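What follows is a set of notes on a single structure, which appears directly below.
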Amino acid sequence: MSPRAATATGFAGFPPEALGFLRDLAANNAKPWFEAHRATYEGALRAPMLALVEEMDARLGRIAPELVGDRRRSMFRIHRDVRFSKDKSPYKTHVAAWFFHRDVRAGAPQDAGGGTGLGAAVHGGAGFYFHLAPGDCFAGGGLWMPPRPALGEIREKLATRHAEWEAIVRAPAFRRRFGALDEEAMLTRVPRGYAADHPAATWLRYQSFTAGETLTEEQATARDLPARLEKCFAALLPMVRWINDALGLRPAERR
């Protein structure tokens with residue numbers, strides 16, 4: 001294994017064969033091929049990702065103690081959920097990790113349909129996300145497509161405290177780093193129960209509340225990735241905490 005892979009002392013970057021494995025998996029997405037190359041997956045992707053989760057958990061303990069990385073729960077499964085998908089390819093062609101509020105821990109994350117959403121419903125609240133794939137590496141945070149009850153709670157807070165939200169997501173530093181919020185599945189009209197001219201009308205149309213930044217392959221596999229993610233996550237923390245407050249999930253001063 002490359003010396004850049006995970007070591008006993010912590011995260012040392014993803015080795016060169018990590019992205020190569022994912023490229024080859026995209027062309028050979030079948031169980032026989034995967035099993036023949038499982039050792040590469042375990043050594044070049046899974047082990048470094050688990051080391052990254054541990055490193056980020058320690059860093060989050062300093063900047064956002066209520067958010068955690070968990071070796072058993074943070075890394076997304078490589079297996080796709082194909083039950084409701086026309087695409088029956090068994091494996092994802094990316095690896096990812098989710099850092100979540102400690103009060104809503106659940107089972108190992110599995111994003112629906114093998115997608116790449118920020119904040120799978122399995123963990124409930126808003127958090128941080130890292131995604132590694134050939135030509136598609138990024139880090140972000142927020143809450144992706146929350147279930148209806150959670151979405152309703154966020155909308156209720158937006159309706160009465162939208163000025164706070166705007167101060168966060170329209171802040172010059174936030175806009176320079178992340179641009180606008182992701183507009184996936186944004187409604188064309190204000191949801192039922194709110195006036196069309198409501199002061200928060202634009203925000204009430206959102207069904208996801210996520211933002212992030214693109215990483216190069218070199219940045220996403222480098223030894224200094226944890227420091228880069230820490231800066232990204234710290235910049236997203238006010239947004240993440242605002243969403244979690246709407247869901248009754250509180251910040252913490254210490255672990």
query: Name the helices (runs of 4 or more DSSP H) wholly within region 136-255 that hold at least 3 residues that are without any contact (Cβ under 8 Å) to a residue 60 or more places away in the chain and either among the hydroxyl-bearing types (Ser, Thr, Tyr) or more than 22 Å from residue 96 (Cα to Cα) (or both)?
result: 148-169, 172-178, 201-204
- line: Over region 206-236, the set of residues within 25 Å of residue 124 (Cβ to Cβ), aliphatic (A, V, I, L, M) and open to solvent by 20 Å² or more (accessible area, probe 1.4 Å) is 234, 235
statement: Of the residues in region 135-159, those that are open to solvent by 30 Å² or more (accessible area, probe 1.4 Å) and under 27 Å from residue 221 (Cβ atoms) come to 135, 136, 138, 144
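Give the residues of region 28-53 that are of a type in the set (S, T, N, Q) and in contact (Cβ under 8 Å) with a residue 24 or more places away in the chain, sorted by residue number. Steps first, please.
We begin by selecting, within region 28-53, every residue of a type in the set (S, T, N, Q); these are 28-29, 40.
Scanning region 28-53 gives a single hit, 29.
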statement: Going through (1) more than 19 Å from residue 237 (Cβ to Cβ); (2) at pLDDT 95 or above; (3) open to solvent by 10 Å² or more (accessible area, probe 1.4 Å) one by one, residue 132 fails only at (3)
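Go through region 140-157 and report how many residues are under 22 Å from the mean Cα position of the chain (by Cα), within 18 Å of residue 238 (Cα to Cα) and not β-branched (Val, Ile, Thr).
Taking region 140-157 and keeping what is under 22 Å from the mean Cα position of the chain (by Cα), we get 140-155.
So of that shortlist, the ones also within 18 Å of residue 238 (Cα to Cα) come out as 140-144, 153-155.
Remaining after also requiring not β-branched (Val, Ile, Thr): 140-144, 153, 155.
Residues in region 140-157 being under 22 Å from the mean Cα position of the chain (by Cα), within 18 Å of residue 238 (Cα to Cα) and not β-branched (Val, Ile, Thr): 7 in total.
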query: Among the residues of region 38-87, how many are of a type outside the set (Asp, Glu), assigned to a loop (DSSP other than H, G, I, E, B) and open to solvent by 70 Å² or more (accessible area, probe 1.4 Å)?
result: 6
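Can you tell me how many residues within region 64-108 are modelled with pLDDT of 90 or more and β-branched (Val, Ile, Thr)?
If we filter region 64-108 for residues that are modelled with pLDDT of 90 or more, which is where we start, we get 64-80, 88-103.
Among the residues that remain, those that are also β-branched (Val, Ile, Thr) are: 68, 78, 93, 95.
So the count comes out to 4.
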message: If I filter region 239-251 for residues that are closer than 21 Å to residue 63 by Cβ, among the β-branched types (Val, Ile, Thr) and under 19 Å from the mean Cα position of the chain (by Cα), do I get at least one hit?
response: yes
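The values are calculated or read from the model by the stated rules, or taken from the named source; none is laboratory data. From a predicted model like this one, the values you see are computed outputs, not experimental measurements. As a convention, Cβ positions derive from the backbone with ideal geometry for all residues, glycine included, and neighbour counts pool all protein chains shown. To get the accessible areas, we keep the full protein, side chains included, count just its heavy atoms, and leave off ligands, DNA and RNA. Shrake-Rupley method; radii C 1.70, N 1.55, O 1.52, S 1.80 Å.
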